[in-house]
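S.K.: Input: one structure, supplied below.
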Amino acid sequence: MKQVLDLHIHSKHSRACSKELTLPNLDKACRVKGVDIIATGDFTFPAWFDDIKNKLIEERGLYKLKNSDPSRLMGQAAKVKFILSTELALIYKQGEGHARRLHLVVLAPNVKAVEKFNKYLEDRGFNIRSDGRPILGMSAIELCKILFNIDEKFMVIPAHIWTPWFAVFGSKSGFDSLEECFGEFTKNIYAYETGLSSDPEMNWRLSALDNLTLTSSSDAHSLPNIAREANVYDLAEVSYDEIYRIIKERDTSKILYTIEFYPEEGMYHLDGHHVCGVRFEPEETKKHKGICPVCKKKLVIGVEYRVDELADRPLGFRPSNMPNFKKLVELDKIIAEVFGVKSRNSARVQIAYQQLLKKTGASELDILIDKPLPELENFTLPEIVEGIKRVRNGNLIVEPGFDGQYGVVKIFSEIEKKINRQAALF
Ligand SMILES: [Zn+2]
Ligand SMILES: [Zn+2]
C-alpha cells in the first residue's frame, strides 16, 4: 500500500514551534496534505509523551488517535498513523577538544521502549523538561549504546546531515565520516536525512552514503510545513516493523520516491554572512579563503560547499539502484505567487487553497504530484494550474538561501506576475 511518511517534526513543546502542533491538529493537517504516517516528535518531553499515551491507540507499532470525531476527520475513520519519534541535540567533545553539536532523529518501536529511555535520562539528571528537543551532554556513541541496550529496533537517523551548526557532516561542528561519529555503532545506522538544503543528487556524490537509506522529512515547526519533504513507500503491511525492515535493508523495491524541497530554498544552501549581505557560491568562498570581505570574519559555510568537500564523485553521477525523487513547492506558495501576495497565510490564498482541495476531493500532495492537469483546470484558475505544471517540470527561478536565510523559489517572471495579477482580479 502506498504510504506517505514524514519522519521528523516537532510538537508545540519544542523551542520556536507553533502552539498549533497538537496531536488532533497534526492528524487533521496530515489529511489535508496527504500524509499517512507522521512522526510524533518530542517523545522525551513528559507532557507530550503523556498525550501520546492517553490520546493515541497502538496498531502494529504505529499509533492512531482514539475517539476520533468523524466530523473533524472529514467524514473518515481515523487513518493517520503516528510513529514514535524525537530529535535529540547532542553537545559534547570528541577528538582534540573539538566541540561537537549534532542533531539525531530517533524512531522508537513502542511506548515501552520510550518509557525506559526517558526514565534512563531522568534518573541520570538529563534535562528533558525544558525543551521538546532536549540538549544532552553525551556522545552519539553513548546514545547508541543506551538505545540499543533498551531495544535493538530503535532507529537512529542523523538529521539534516549537511547543515553547518548541528549536523554529522556540518562545517562548524561535525565530522568527516560516519565512522568518526558513530564508531562501533556505524553498522547500526541505516539511514540519513538530507535536510532541506540538500537533495538526493547532491548526496549521491558520496559513495560512503550508497548503502544507507536516504530519507527526506519536513522538520516542521508549524502545521503548514508538514510534508514539505517526505518519503513515499509501498508498505506490504502498515507497521513499524515493515518500515524498520525497508529502512534497514534499504529495500528499494519498496521505496517509491522521496519528496524534496528545492535545495536552493533551504537556509544553508550557499555560503555567506546575512548581516554583511555576502552570499557566495563555493568557488567564490574559496577565492576569498573562507573569509568575509566585509567583516573579515569566517563565512558560514553552507551545504553545497561541504558536499563538494567530502564528495568523491562529480555532480550528475547517479549510483545504481537509487530511488527517484520529486522536487515540489507547496500549493499555497504557488497560489500566493499567482495572486502576487507575499504571505502564504493570507486569507485570499487560504480560501483558494481550501476550495481547490474541496472541489477535487484530493489532498495537497495528490494535486501537486498525481492529478492530471486538464482535470485541475475545471476547478481553479489556469494560472494556478500553470504554476503546478512548472513545479512538476522543474521550470523555476531560484535564489539560493544562505546563513540561516531561506532561499526564494519563483515560478513566474516579473512580467508574467503582472499579467497574473490582472487575470486574478477580473
Ligand atoms: Zn535539527
Ligand atoms: Zn561578514
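The values are calculated or read from the model by the stated rules, or taken from the named source; none is laboratory data. Fair warning: this is a prediction, and the values are worked out from it, not measured in the lab. Virtual Cβ from ideal backbone geometry, glycine too; neighbours counted across all protein chains shown. What goes into the accessible areas is simple: the full protein's heavy atoms, side chains included, and nothing from ligands, DNA or RNA. Shrake-Rupley method; radii C 1.70, N 1.55, O 1.52, S 1.80 Å.
S.K.: Which one of these is assigned to a loop (DSSP other than H, G, I, E, B), within 16 Å of ligand 2 (Cβ to nearest atom), hydroxyl-bearing (S, T, Y) and surrounded by fewer than 24 Cβ atoms within 10 Å (Cβ to Cβ): S130, S171?
M.R.: Just one listed residue meets the conditions, S171.
S.K.: Give the residue, chosen from V391, V329, that is touching a residue at least 60 places away in the same chain (Cβ under 8 Å), outside any helix (DSSP H, G or I) and touching a strand residue (DSSP E or B) at 6+ places or on another chain (Cβ under 9 Å). First the steps, then the outcome.
M.R.: Numbers: V391 fails: outside any helix (DSSP H, G or I).
Result of the check over V391, V329: V329.
S.K.: In segment 225-267, what count of residues is obtained for those that are at pLDDT below 95, open to solvent by 10 Å² or more (accessible area, probe 1.4 Å) and part of a helix (DSSP H, G or I)?
M.R.: Taking segment 225-267 as the starting set, the residues that turn out to be at pLDDT below 95 are 261-267.
With the extra rule that they be open to solvent by 10 Å² or more (accessible area, probe 1.4 Å), the set shrinks to 262, 264-265, 267.
Checking which are part of a helix (DSSP H, G or I) leaves us with 264-265.
Count: 2.
S.K.: Name the pairs: first residue in segment 134-154 and of a type in the set (A, V, I, L, M, F, W, C), second residue open to solvent by 10 Å² or more (accessible area, probe 1.4 Å) and assigned to a helix (DSSP H, G or I), Cβ to Cβ under 7 Å, at least 6 apart or on different chains?
M.R.: Once the first residue is of a type in the set (A, V, I, L, M, F, W, C) and sits in segment 134-154, its partners that are open to solvent by 10 Å² or more (accessible area, probe 1.4 Å) and assigned to a helix (DSSP H, G or I) give I141/G183; I141/F185; C144/F185; C144/N188; I146/Y120; F148/N188; I150/K116; F154/F148.
S.K.: Could I ask something else about it? Taking the stated definitions as given, is V338 away from ligand 2 (no atom under 16 Å from the Cβ), among the aliphatic types (A, V, I, L, M), modelled with pLDDT under 95 and more than 21 Å from T194 (Cβ to Cβ)? Break it down into steps so the answer makes sense when it comes.
M.R.: Details: away from ligand 2 (no atom under 16 Å from the Cβ): yes; among the aliphatic types (A, V, I, L, M): yes; modelled with pLDDT under 95: yes; more than 21 Å from T194 (Cβ to Cβ): yes.
Yes; evaluated as a whole, the condition is true for this residue.
S.K.: Which of the residues spanning segment 349-387 are open to solvent by 40 Å² or more (accessible area, probe 1.4 Å) and in contact with a Phe, Trp or Tyr (Cβ under 6 Å, 6 or more places away or on another chain)?
M.R.: Within segment 349-387, K359 is the sole residue that qualifies.
S.K.: Hey, any hits in segment 195-214 for a residue that's open to solvent by 10 Å² or more (accessible area, probe 1.4 Å) and within 16 Å of ligand 1 (Cβ to nearest atom)?
M.R.: Looking through segment 195-214, at least one residue is open to solvent by 10 Å² or more (accessible area, probe 1.4 Å) and within 16 Å of ligand 1 (Cβ to nearest atom).
S.K.: Moving on to the next point. Among the residues of segment 282-307, count how many are without any contact (Cβ under 8 Å) to a residue 60 or more places away in the chain, open to solvent by 30 Å² or more (accessible area, probe 1.4 Å) and more than 16 Å from ligand 2 (Cβ to nearest atom).
M.R.: The number of residues fulfilling the criteria is 2.
S.K.: Right, something else. Restricting attention to segment 32-58, which residues are over 20 Å from I255 (Cα atoms), open to solvent by 20 Å² or more (accessible area, probe 1.4 Å) and out of contact with any Phe, Trp or Tyr (no Cβ under 8 Å at 6 or more places or on another chain)?
M.R.: V32, F45, P46, A47, D50, D51, K53, N54, K55, E58
S.K.: For segment 9-25, indicate whether the set of residues that are over 18 Å from the mean Cα position of the chain (by Cα), closer than 18 Å to A159 by Cα and modelled with pLDDT of 95 or more is non-empty.
M.R.: Among the residues of segment 9-25, not one is over 18 Å from the mean Cα position of the chain (by Cα), closer than 18 Å to A159 by Cα and modelled with pLDDT of 95 or more, which makes the answer no.
S.K.: Please determine whether any residue of segment 113-136 is under 29 Å from W204 (Cα atoms) and in contact with a Cys (Cβ under 8 Å, 6 or more places away or on another chain).
M.R.: Checked segment 113-136: no residue is under 29 Å from W204 (Cα atoms) and in contact with a Cys (Cβ under 8 Å, 6 or more places away or on another chain).
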